[in-house]
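Encoded as structure tokens, the structure appears first; notes follow it.
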Amino acid sequence: MFRPVAICSAWADHGLTSMATTTRALPRSGGGLRLNAFKRQLSLQSMVLPSLALVVVFVYFPMYGLIMAFQDFQIGDVPGFSTWVGLHHFRVLFQEPNLYRITRNTIAMSGLKLLLAFPAPIILALMLNELPYHGFKRVLQTVTYMPHFLSWVVVAAMMFEFLSGDSGIVNYMLERLGIIDTPIVFMGEAEYFWPLVVGSEIWKETGWSAIIYLAAISGIDPAQYEAAEIDGANRLQKIWHIVLPGIMPTIMILFILSVSRLLDANFDQVMMMTGNLNNRAVAETADVIDTFIFSYGIRLGRFSFATAATFIKSAIGATLLVGANQMSKVLNQESLW
Amino acid sequence: MRNSTLANRIGTWTIAFVVLVFSLMCLYPILSALAISLNDPDDTARGGVTIYPREFTFTSYQMILSDRRIPRAMLVSIGRTVSGTLVSLVLTGLFAYAMSKRYLMFRNAYMTICVIAMYFSGGLIPLYLLIARLGLMNNFLVYIIPTAVNIFNMIIMRTFFRQLPEALEESAYMDGAGPYTIFFRIILPVSTPIIATISLFVGVAQWNAWLDAALYMTRTQDLWPMQNILIEVLNTASFYNDMLASASGTAAEVMMKIQRVSVRSARMAVMMITIVPILCVYPFMQKYFAKGIMIGSLKG
């Protein structure tokens, strides 16, 4: 009964492997053979080409466009064919009086997020893992990652509403409880900007990021827990000696990626929390590298100058990625490559 | 958890309590926004509305829905989400399927191109100039084409397709079916979890996007999605509330202030309309995307 199936599959296997061998053997054979092999899988190749074309156009063309950082790009120029100005824009950039402030703000926000928002989902995942009731756990999880699906536009809208100095609920409660006498204009004062950035990030992303850690926890071999229990390990010891080491590779990968994004203060978040940068009252602590690039490039039309800033930022980002990855390797931990 | 000593049980309850408090903190703003949107606008100005409307009314919703920009923006949002998700699914899916075949020629070259594109980009300015040059300004297609292929999603899908048993395709392959037929007739029907996951990712990104409209829809607001309308509603006549609140002023100024405060319910109503579609969809996708994320977290 099942012989035909076996024959079929053997035949198909043969077909597939032979095709694979041809492909692998190709570099040694002539160009004609290679072309023939390509023609044979033309319809498969045609599945790749539209997507690849889009990637080339919308990712690689802009990468090539970075060349304008070394040129004086004017509207109407063909990118890459403007007048060369060498490092002029970089010199102007390093003399920019706001450079220190935007760099400080960017690193402060990313650093605080790394310190406070990065561990939050790990802690949440560890806690959820300790809860025995499945239904209860699932409901809590559904609620905690709901904010991830809201846009920063929406989150900022809520922040302006609840933190409003004009009878927003937070001020209302604080006044009722006698903690403050006059309302605090949370969204309008520079000193509250960083705490609010970190706080809203924790609120929005903790539940979502916990999913990946929970997935990693579920991959831990149950035999390890049993062995620990026989050894008389208590809950904290099990978390420390089994769960944490079990999810360490995941933590390291995500940590490397976070470090490489140190110069990416969340653009959407900052734009929305400053009302599209219109709220200058918080500019002192709110202006970051990405909003600087946006203001100069899009609003003021200084394309080449803004691109020079992008160039520097990407270069540092790439260095950070390689550096963090290398460090993780040295520490004998997981690495991206 | 099986050896429930007293210390263990206290620990569990403490943890349950902490997680519960955090969940309530996640839930509260949404409930409160709903309550404010359903509360009488003038009453809202008095402050102190928590999670239930003090004076229930649909006034705010009637007010905002009578503005013809809002239903229009809703259509744009729905249109870009549906068409953007479909286009992205088909393109990325075909790409991922081809890439899952080890005998695909130039597979490694394609992958290198993709990985570089995943980590590096030209940034905002060159992309902006490119889109202007391609004539995509003030064109609905700008919502769909530049983001149609997402490399990360492609890798997730490819990983999923790879783990499907090869036997699945063999008989169709025997019958002389081409890769397109196999993809649409055989692969897609057994790929529900990954399709659901990717649709959710792409759909949410489409629904929540605002920067593309802000950058590229310069001539007219007719093609603005809900997010940009919400930004507009937040900014007009309301943004400087806070500054007014802290400053005392003339009677005229105070009058103006009260007028502005009354739009608070309306703002929350616009916000609720913006998030309701997402809140309705995501809980049903839960069982899929946890799995999807797990696949995505695997290396390679």
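Only the coordinates and a few stated rules stand behind these numbers; no lab work does. Only a predicted model underlies this, so the values are computations on that prediction, with no experimental measurement involved. Here the Cβ is made from the backbone with ideal geometry for all residues, glycine too, and neighbour counts use every protein chain on show.
Estimate the FRET efficiency between B:Phe17 and A:Ile220 by the formula 1/(1 + (r/R0)^6), using the beta-carbon distance for r and 22 Å for R0, to the nearest 0.05.
Details: r = 25 Å, r/R0 = 1.15.
Given R0 = 22 Å and the Cβ-Cβ separation, E is 0.30.
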message: Let me check against my output: what whole-number percent is the relative contact order of region B:85-210, with C-alpha pairs under 8 Å and at least 6 apart?
response: 44 percent
- request: Positive end of the charge dipole of the protein assembly as shown (Lys, Arg +1 and Asp, Glu -1 on Cβ, about the Cα centre): tell me which of A:Ala156, B:Asn150, A:Asn278 has its Cα farthest that way.
  value: B:Asn150
message: Can you tell me which of B:Ala214, B:Ala109, B:Ala266 moves the most in a GNM of chain B? Springs connect C-alpha atoms under 10 Å apart.
response: B:Ala109
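For the protein assembly as shown, with only Lys/Arg (+1) and Asp/Glu (-1) charged at the beta-carbon, what is the dipole magnitude about the Cα centre, in debye rounded to 20? Write out the running numbers ahead of the final one.
Numbers: 45 positive and 37 negative charges, 367 e Å.
With only Lys, Arg, Asp and Glu charged at Cβ, the dipole is about 1760 debye.
If you wrap a convex hull around the C-alpha atoms of region A:96-330 and split its volume per residue, what is the figure in Å³? Working shown, then result.
Numbers: hull volume 37.5 nm³, N = 235.
Per residue, the Cα convex hull of region A:96-330 comes to 159 Å³.
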message: Test of understanding: in a Gaussian network model of chain A with alpha carbons linked when under 10 Å, which of A:Val48, A:Val197, A:Val59 would top the mean-square fluctuation ranking?
response: A:Val48
- request: Run the dipole for chain B about the Cα centre, Lys and Arg Cβ at +1, Asp and Glu Cβ at -1, nothing else charged, and hand back the magnitude in debye, nearest 20.
  value: 620 debye
query: Mind listing P(r) for the protein assembly as shown? All alpha-carbon pairs, 10 Å bins, whole percents.
result: 3, 13, 22, 25, 20, 11, 4, 1, 0, 0
query: Counting only other chains, what is the mean number of Cβ atoms within 10 angstrom of the Cβ of each residue in peptide B:20-26?
result: 6
Karplus (6.51, -1.76, 1.60) ³J(HN,Hα), θ = phi - 60°, over region B:35-40, in Hz, Gly and Pro reported as x: 4, 5, 5, 9, 8, 4
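Taking the Cβ-Cβ separation of A:Ile179 and B:Arg69 as r and a Förster radius of 51 Å, what is the calculated FRET efficiency to the nearest 0.05? Could you put the intermediate results ahead of the total?
Working: r = 41 Å, r/R0 = 0.80.
So, using R0 = 51 Å, E works out to roughly 0.80.
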task: Summarise the partner chain shielding of A:155-164 as one whole number: the mean count of Cβ atoms from other chains within 10 Å of each residue's Cβ.
output: 6
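Ignore the peptide's own chain and count Cβ atoms of other chains within 10 Å of each Cβ in B:89-101; give me the average, rounded.
Details: counts 0, 2, 4, 2, 2, 7, 8, 3, 3, 10, 4, 0, 6.
Taking the mean over all residues of the peptide, I get 4.
Dipole of chain A, Cα-centred, from +1 at each Lys and Arg C-beta and -1 at each Asp and Glu C-beta, to the nearest 20 debye? Can you show the working numbers first?
Numbers: 22 positive and 23 negative charges, 305 e Å.
Dipole size: approximately 1460 debye.
Normalised radius of gyration for region B:68-235, please: alpha carbon Rg relative to 2.2 N^0.38 Å, two decimal places. Intermediate values should be presented prior to the final figure.
Working: Rg = 18.7 Å, N = 168, 2.2 N^0.38 = 15.4 Å.
Scaled against compact globular proteins, the figure is 1.21.
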task: Could I get the Rg over Rh figure for chain B? Both from C-alpha atoms, Rh via Kirkwood, rounded to two places.
output: 1.07
- prompt: Points 7 angstrom from Cα along the Cβ direction at B:Met25 and B:Arg219: gap in nanometres?
  reply: 4.8 nm
- request: Mind jotting down the distance between the C-alpha centroids of region A:93-135 and region A:298-337, whole Å?
  value: 17 Å
- prompt: If the limit is 20 Å between Cα atoms, which of A:Lys113/A:Lys204; A:Lys137/B:Lys287; A:Lys113/A:Lys137 go over it?
  reply: A:Lys113/A:Lys137
query: What list of ³J(HN,Hα) values in whole Hz, one per residue of region A:244-253 in order, does the Karplus curve 6.51 cos²θ - 1.76 cosθ + 1.60 (θ = phi - 60°) give from phi, with Gly and Pro shown as x?
result: 4, x, x, 9, 4, x, 4, 4, 5, 4
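When only Cα pairs under 8 Å and 6 or more residues apart are kept, what is the percent relative contact order across chain B? Mind dumping the intermediate values first?
Working: 272 pairs, mean separation 88.9, N = 300.
Rounded, it is 30 percent for chain B.
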field: Dipole of region B:38-173, positive direction: furthest Cα of B:Leu136, B:Tyr103, B:Phe58, with charges on the beta-carbon
entry: B:Tyr103
